[in-house]
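Just below is one structure, and these are the notes that go with it.
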Amino acid sequence: MATYQISIDGMHCENCVEKIQTALNATSSVSDCRVSLPDHRAVVTFENDQPDLAAAVEAIQRQGFSVKGYAAVAS
Amino acid sequence: MPSNSHDNAVQLRIMGMTCGACVQRVEKALKSIDGVRDASVNLMAESGTVQVSDGAPDFKTRLLESVRNAGYDAEVLPAGRQLIAEWTDDSKLRESLRRHRQALIQALGLALPILGLEYLLPIFWPGNDPAAQLPGRLLQLILLIMLMVSPAGGPIIVGGLRALWHRTGNMDLLITVGVLSATIGGLVGSFMTEPKLIHFHAAAMILAIVCIGRYLETKMRGKATGAISALAKRAPKQADVKRDGKWQTVPVDKIQRDDEVQLVEGATVPVDGTIVDGSVELDEQILTGESMPVLRDIGSNVQAGTTVVSGRAVIRAAGDGSQGTLDRMLALIQAAQQGRTRMQRLADQVAGIFVAVIVAIAIITFISWGLFGDANGWAMGTRAAIAVLVVACPCALGLATPTVTLAASGVAAQRGILPRDAAALETLGRIKTVVWDKTGTLTAGTPQVDAIHVLNSGFDEDEVLRLAAGAERFSAHPIGKAIVRAAQQRELEVPTPASFDSTIGRGLTADVDGHHVVIGSPIWLEENDVKVEIGAVTNNRDIATAGMSSILLAIDGAHAATIELSDALRPSAAAALARLKQCHIKACMLTGDAKATAHAVAGELGIATEHVEAEATPQRKIEYIDAMVKRSSGVAMVGDGINDAAALTRADVGIAFATGADVAVEAADISLIGSTPHLVADAVVIARATTRLIRQNLGWAFGYNIVAIPLAATGTLPPALAAAAMMFSSIAVVLNAMRLPRLVDRRLERID
């Protein structure tokens, strides 16, 4: 289990949140995610300790948003 | 036709708007029309979309009228798919060919017996006694009337009478008046026993020859549009789309944004989109002119109209099935054909009064012969007047330009050159100077890593690049992407950062493989508590203006390297300029680069230093173009359409490189799809060949009429021969236009 906070640029509305949420949930290594519009970020929990960050970032980028950064959240 | 909302949207181009208030006025005007559900107007794009719930036949006219009443100008833009359907559907052309062929057979079937009788009459009724020949004459007349009402002659006569009714002159009118005069003359002659007045056979031959001419013309026009319909045929009709978790084959216009669409080997990409799974090799020649297949994998954008050479992928549609790149290209090509060139306007003016002038000449001919001729004067006058009417050919005048423009737009589109209208191509044919805005035209416009200056920090060049690429791995910034690309080119494994944080316009920090990496400007490094080694900061001050820039890298709190980036010249730039020089076109270069850099680049390209404007701001570029346009005629500017849009509009012709996704650059008169400066030389060659053929055609059309009409009026040219000459003159114009592709090829070879 590893949790990361990903900051996202370009979200405008709930629809955007929905899109990112769906995309992240469809990513196999992601077990849980919460996307926040006001904080411009997603908190993503990965299934194992070797998180597939590339898959998660690319899932977000593919939806047309840019990723400004990410960092592990101490659990 | 299913009636979803898309089918009932009308696209308008709206001209003359300057501000938000204009938008309001136009929208209000459009919405006030019955049947309009909604209207939205875009100020920048100068366009409007009208949602229609009911479509009366004159609906579009009313839309346009309402906009004009509001004080603006508007025109209807054709919908993409409809356009493609129109072009790919050759059933229309085949139907029209079939009709013309049938008319031709009927015309010959009726005209030949009439002609035959003309020669048989003296044999059956010897002695040339007109009274005795009357039954034969009546038979001729009956056959002639049959010809005039048959599907062969009918449309011509009806068209002529209709033109007379509306008091407009056209080709049909001249033919009709000629044929009817011959018939009436023949009728009078038969009963008055005056054989010299009888021209039944001439009337029949005129109609038959016109039918032959129309058939040949239809056949050739089909060929002339070949290039465009080939392009339109690239648009696939069906696609495999995922619906409810299952793959289904649906018509392309049913594809919606975000649909997943399957691409298989050999298929044509149906919509613009992004690959979400798999990878394919694409033949993008249709859009870029590049014949080598390109590998596209996850995350890459693909454009409609390109073909899958190998592989398999799933794309997510970026828009509806009718909003793709290919559709925009086709719409642009159509627009290009619609515009009228200066020369065409002249020809149209002449054609407008042409028919009236010819009728007047015919009447004068008839009266002159009657009054000043010998005993047979009136008979000869009739014959000569008929000849004048049928020899005159407004068709050649009318066809002179459009046939060439049509062929030109096809030839140009095949090479990825899209003029906004016919006039743009005409102007390009006259230019003498090309001003290049360097970035994005002579250079690729995307930075690349030139050199890495490693400082004494214990890391070698590859390690520095590997860490930098890791930090920039998810960056959307062009410089970040350039760094990642450089690492990939050296076959370095790009690590995933444990964390990273980027600040737009300044730099980023990241943790890569246990190292803390800071990348950015000197200020950014200092803000992150890194001491910048002054000597290592090379030409960083040029970041804003120069093509060359550098970026600093710190590892674990120490300045480790300076990475130099530049916007490299395209490999084909020098060759493209050399080709333009062979066309006797002077090259100038505008750039934001510092003088020394700019002059070095110009030297590489063979541009004289006095024709280089360095350190040019966008404002300076406008002034430069303005001054040049004032000083000399025929100035074209080539730019990327992004940073230099304003300057592009100031030149006589603005040429912009458009990327596949952005086909029509608003500011440009001519958009180039593809990434080689060679396209500019190609465009000039096409434009010049086009102008040349248009001139030839107009010269021929005018010259023909000037020579042929006196011959007809003096009686040298008998009516049937006059009709044949007329037919030949309009076919010659079409044939000449069809030479364009070969003429262009030949001239392109000459400057290679």
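The values are calculated or read from the model by the stated rules, or taken from the named source; none is laboratory data. Here the structure is a predicted model, which is why all the values come from computation and not from measurement. So basically every Cβ, Gly included, is an ideal-geometry build from the backbone, and we count neighbours across all protein chains shown.
Of all residues in the range B:489-507, those that are within 14 Å of another protein chain (Cβ to nearest Cβ) and not in a loop (DSSP other than H, G, I, E, B) total 6.
Restricting the first member to the range B:147-158 and to residues that are assigned to a loop (DSSP other than H, G, I, E, B), and the second to residues that are of a type in the set (S, T, N, Q), the beta-carbon pairs closer than 6 Å and six or more apart or on different chains are B:SER150/B:GLN106; B:ALA152/B:GLN106.
The set of residues from the range B:508-526 being away from every other protein chain (no Cβ under 14 Å) and either in contact (Cβ under 8 Å) with a residue 12 or more places away in the chain or within 16 Å of A:VAL67 (Cβ to Cβ) (or both) comprises B:HIS515, B:SER521, B:PRO522, B:ILE523, B:TRP524, B:LEU525.
For the range B:47-60, does any single residue satisfy the condition of being among the basic types (Lys, Arg) and at pLDDT below 70? No: the range B:47-60 contains no residue that is among the basic types (Lys, Arg) and at pLDDT below 70. The conditions of being in contact with a strand residue (DSSP E or B) (Cβ under 6 Å, 6 or more places away or on another chain), part of a helix (DSSP H, G or I) and not polar (S, T, N, Q) are not met by B:VAL744. Out of all the residues in the range B:295-305, is one or more more than 14 Å from chain A (Cβ to nearest Cβ), at pLDDT 80 or above and surrounded by fewer than 18 Cβ atoms within 10 Å (Cβ to Cβ)? Yes, that holds for at least one residue. Tell me, please, whether a residue that is of a type in the set (A, V, I, L, M, F, W, C), in a loop (DSSP other than H, G, I, E, B), surrounded by fewer than 24 Cβ atoms within 10 Å (Cβ to Cβ) and at negative phi can be found in the range B:419-427. No; the residues of the range B:419-427 include none that is of a type in the set (A, V, I, L, M, F, W, C), in a loop (DSSP other than H, G, I, E, B), surrounded by fewer than 24 Cβ atoms within 10 Å (Cβ to Cβ) and at negative phi.
For the range A:23-75, taking the residues that are among the aromatic types (Phe, Trp, Tyr) and within 11 Å of another protein chain (Cβ to nearest Cβ), the one that is farthest from B:ARG473 (Cα to Cα) is identified as A:PHE65.
Residue-by-condition table, conditions (1) touching a strand residue (DSSP E or B) at 6+ places or on another chain (Cβ under 6 Å); (2) modelled with pLDDT of 90 or more:
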position: A:SER7; (1), (2): yes, yes
position: A:THR27; (1), (2): no, no
position: A:SER31; (1), (2): yes, no
position: A:GLN63; (1), (2): no, no
position: A:SER75; (1), (2): yes, no
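At pLDDT below 80 and in a helix (DSSP H, G or I): is that true of B:LEU174 in this structure? When the stated conditions are applied, B:LEU174 passes them. The criterion of being among the charged types (D, E, K, R), buried (at least 20 other Cβ atoms within 10 Å of the Cβ) and free of Cβ contacts under 8 Å to residues at least 40 places away in the same chain holds for B:ARG473. Just checking: which of the strands (runs of 3 or more DSSP E) contained wholly in the range B:608-714 hold 3 or more residues that are under 16 Å from the mean Cα position of the chain (by Cα)? The strands (runs of 3 or more DSSP E) meeting that bar are B:653-658, B:670-673. Among what's in the range A:1-19 and is crowded, with 16+ Cβ neighbours inside 10 Å and more than 14 Å from chain B (Cβ to nearest Cβ), pick the residue that is farthest from A:ALA42 (Cα to Cα). Selected residue: A:MET11. Might you let me know whether the range B:445-458 holds any residue that is surrounded by fewer than 18 Cβ atoms within 10 Å (Cβ to Cβ) and within 13 Å of chain A (Cβ to nearest Cβ)? The answer is no; no qualifying residue exists. Restrict the check to the range B:65-78 and report whether at least one residue is under 27 Å from B:ASP253 (Cα atoms), at pLDDT below 70 and surrounded by 12 or more Cβ atoms within 10 Å (Cβ to Cβ). Scanning the range B:65-78, I find at least one residue that is under 27 Å from B:ASP253 (Cα atoms), at pLDDT below 70 and surrounded by 12 or more Cβ atoms within 10 Å (Cβ to Cβ), so the answer is yes. As for the range B:396-412, it holds no residue that is in the same structural domain as B:PHE728 (by TED's automatic domain parsing) and outside any helix (DSSP H, G or I).
On the stretch given as the range B:590-608, residues that are within 15 Å of B:ALA574 (Cα to Cα) and β-branched (Val, Ile, Thr) total 2.
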